[in-house]
Amino acid sequence: MSDPPRATPWTRAGRLAAEWAARVEGAWFDYRRHVVTAPTAEERRSQRRPSDDWSLYIPARPASARAALQALPVRDPRDYTLIDIGSGKGRIMFLAAEYPFRRIVGVESVRELHTAAELNIRTYRSRARRCSSIEAVHAKAQDYVWPVDPLVLFFFNPFPAAVMTQVMQRVARSLERSPRPLWLILLFPDLAPIIQAETTLQLRQQTRKHHLYASAHAEE
């Protein structure tokens, strides 16, 4: 087997440029909303290994998340509760708040990130806000009880495959017990095969950056 190709100065430069652009985009997002969702310098340097139920804190880029939310083909978001799984400090919650969802819930298992999200909810201000109900929940995703509302679930590869499998099994059981409209957004869909294997959700849209799935009762 041949050795993998070494990164060239150009590829390293491209990676650094992308990282810098993500930091600038995140900083502007936070400044405009009076929140702090970007990782700190210490968090970026952290060598802490992910546990069996969470991955390192890397918030989604706002532009990528916004594109996925805009692709959601629901007629009236006011009928839906949006739940961000692995919500970190709340970036997706504050972005989703620019749409008129019934309510928005962020589920986070890491106490430090959950505490930061609660502080951000208290300081958050935006003229673009259209959802008045934002809540942070400290819980493991595999233990969280899904509301029986019509749901939009947002995932940005928040944990390892084994945990994603458990979570998708709970989604499937919830839909069996309470059939209802459910949409699932998977941003940067590394874990897409697990959704297909563990649920009956149908792939409705596929791009390089996100997959969009729907239950049988979701809108056409």
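Tabulated data for the structure shown
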{"read-out": "The chain: calculated mean residue ellipticity at 222 nm from DSSP helix runs of at least 4, using -39500 (n - 2.57)", "value": "-11500 deg cm²/dmol"}
{"read-out": "Proxy reagent accessibility, fewest Cβ within 10 Å first, across Trp146, Trp20, Trp183", "value": "Trp20, Trp146, Trp183"}
{"read-out": "Dipole magnitude (debye, nearest 20) for the chain, charges at Cβ of Lys, Arg, Asp, Glu", "value": "680 debye"}
{"read-out": "Per-peptide average of other Cβ atoms within 10 Å, ordering 201-208, 35-42, 151-158 highest first", "value": "151-158, 35-42, 201-208"}
{"read-out": "Along each principal axis, Cα extent of segment 102-159, largest first, Å", "value": "34, 30, 18"}
{"read-out": "Ellipsoid semi-axes in whole angstrom, largest first, where each is sqrt(5λ) of the Cα gyration tensor of segment 122-217", "value": "23, 17, 15"}
{"read-out": "Difference of contour (0.36 nm per residue) and Cα-Cα distance, Ile58 to Ser132", "value": "24.0 nm"}
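No lab work stands behind these numbers, since they all come straight from the coordinates. What you see is a predicted model, and the numbers here were worked out from it, not measured in a lab. Positions of Cβ are generated from backbone atoms using ideal geometry, with glycine treated the same way; all protein chains shown enter the neighbour counts.
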